[in-house]
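Following: one structure in structure tokens, then a few remarks.
What follows is calculated from the coordinates using simple rules that are stated; it is not laboratory data. All values reported here derive from a predicted model rather than from experimental measurement. Methodologically, a virtual Cβ is constructed for each residue, glycine included, from the backbone with ideal geometry; neighbour enumeration extends over all protein chains shown.
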Amino acid sequence: MAEIPTHWLHEETLGPREVGKIFDVDTRTVSRWALNGVIGFFRTPHGMRRYPVCEVKRLMAGQPAPDYLKELADQDRKIYKDKWQTGWHRDVKVQRIGGDE
């Protein structure tokens, strides 16, 4: 089981929107990079992804991702797969207000 590097926890971090602005990409692209092990991240206690500045700089420099990033991404996918499973919102009933029925 791969461990998050401890220096990440003591370093300045960025959110997905900030990383997306730096690379001029959508936040969904940043999330895809995280899930594919391209950029390192960790989750806050509330489940939000945070990206250490050192990882952003590494990606900007074009350096290859360390091997453990893929393992960290796989672990994260296993933990959050049930929570963010595709179609989870289908159980929610939506009531139409006005309009044709």
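Results, tabulated for the structure shown:
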| quantity | calculated |
| --- | --- |
| Cα gyration tensor shape of the stretch 42-83, rounded if a/c is under 1.5, else prolate or oblate by comparing a/b with b/c | oblate |
| Estimated translational D of the stretch 6-81 in µm²/s (Stokes, Kirkwood radius over Cα pairs; 20 °C; 1.002 mPa s) | 172 µm²/s |
| Computed label-point distance, nm, for sites H46 and R77 using a 7 Å Cα→Cβ extension | 2.7 nm |
